[in-house]
1. Given only helices, namely DSSP H runs of n ≥ 4 each adding -39500 (n - 2.57), what is the per-residue ellipticity at 222 nm of the chain, to the nearest 500 deg cm²/dmol?
2. Please work out the C-alpha center-to-center distance from segment 254-282 to segment 37-99 and express it in whole Å.
3. Given a cut-off of under 8 Å on Cα pairs at least six residues apart, what relative contact order in percent is computed for segment 131-230?
4. Would you mind giving the average projected area, over all directions, of the Cα convex hull of the chain in nm² with one decimal?
5. Quote the charge dipole size of the chain about the Cα centre in Debye, to the nearest 20; the model charges only the Cβ of Lys and Arg (+1) and of Asp and Glu (-1).
6. At a 10 Å Cβ-Cβ cut-off, how would you order 196, 166, fewest neighbours first?
7. Pick from 89, 115, 141 the residue whose mean-square fluctuation is largest in a GNM of the chain, springs joining Cα atoms under 10 Å.
8. Which aspartates and glutamates, if any, have their Cα less than 13 Å from the Cα of residue 54, not counting same-chain residues under 8 positions apart?
Amino acid sequence: MTEELAAIQTEALTAIAAAHDDRTLDEARVTFLGKKGRLTVASSCMKDLPKEEKPAMGQALNETRQTITAALENKTEELQSQADAKLLAGIDLTMPGYCLPAGGLHPLTLIRDRAIQILRRLGFSLAEGPEIETEFHCFDALNTPADHPARNEKDTFYFDSGKLLRTHTSSVQIRTMEKAKQMPIRIIAPGSAYRRDEIDATHLSVFNQLEGLYVDKDVRLSDLKGTLEYFFQSLFGEKTEIRFRPHFFPFTEPSFEIDIKLHVKGHEPKWIEVAGCGMVDPAVFSSMSLRRGDETLLPEKVTGFAFGMGLDRLAMIEWGIRDIRRLIENDTRFLSQFA
Ligand code: PHE
């Protein structure tokens, strides 16, 4: 039987060496190692051998099987690399490749990330809320009466369901206060807002805001002022002049608009509005307390400030972009300047 094994092995190796594609190689595998293959048949004779010969023969059988298996594996690899080489044969590796222009971040992304970075240093963390909002989160909870002009069909995109596209990111203030587990609350929320504005050089119907909210025991107007001065001076430079101009928002009291002084060569410097802000109106805390059914946000216990700024406007200031529409046109001649 030993000779027979040797013969099988020689024949198998010859057949494997002669195989020239996957099919002939597989035929060789079946012929020798298959269920009815030569080696399988040979091993079935084991049972007729005298007991003392069995171990040696078992070992010989195993070795033969291993040798044939290894030869099959080598041949498979060899065939594969031959096929690969064939595929590459027609390719001129010295030919220069295509030059793909590198992309870059959009100016809105750049300014948003810078803004986030500055506010993070002050301990604000990111929060978010849905862009399709309820009237409650966008208006009622923000102390905005039903007859307020912002709630008009002419100014706001409503769905048949009664929901709407949020007109500002202030709805995230409400979403955050609804579920806050502990004080302080110190969040920022960048995101899109929607208004039915005529589109022109300074208005889009989809624009970007960054909201901020800080609620704690004893938050003061001076905290608001210091935070936003620090913010704008970090963003636009230490020498940036900022002014707080009294204003009205239903959900803050007192309220301000923030202007920064813009210097454009060849023009008189002018004040330009960049944000709204104020101290959270106690009416907002009261309605939140009712909604939560606990005392965490009772207006006697906490105070807070909020702010909201237009990120598109900030990008326009930073890079002297005169038409807001450039930000949504995807014109690479414009965008590549920021890459
Ligand atoms: N939500 C206001 C707006 O869109 C801005 C604002 C935010 C004002 C927070 C005060 C506090 O105009």
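1. The helix contribution divided over the chain gives -13000 deg cm²/dmol.
2. Cα centroid to Cα centroid, the span is 78 Å.
3. Here the relative contact order equals 25 percent.
4. Projected area, direction-averaged: 34.9 nm².
5. 600 debye
6. Starting with the residue having the fewest Cβ neighbours, the order is 196, 166.
7. 89
8. The reachable aspartates and glutamates, counting only those whose Cα sits under 13 Å from residue 54, number zero.
Every number here is computed from the coordinates shown, using simple stated rules; none is lab data. This structure is a prediction, so every number in the text was calculated from the model and none was measured. Ideal geometry is used to build each Cβ from the backbone, glycine not excepted, and the neighbour counts take in all protein chains shown.
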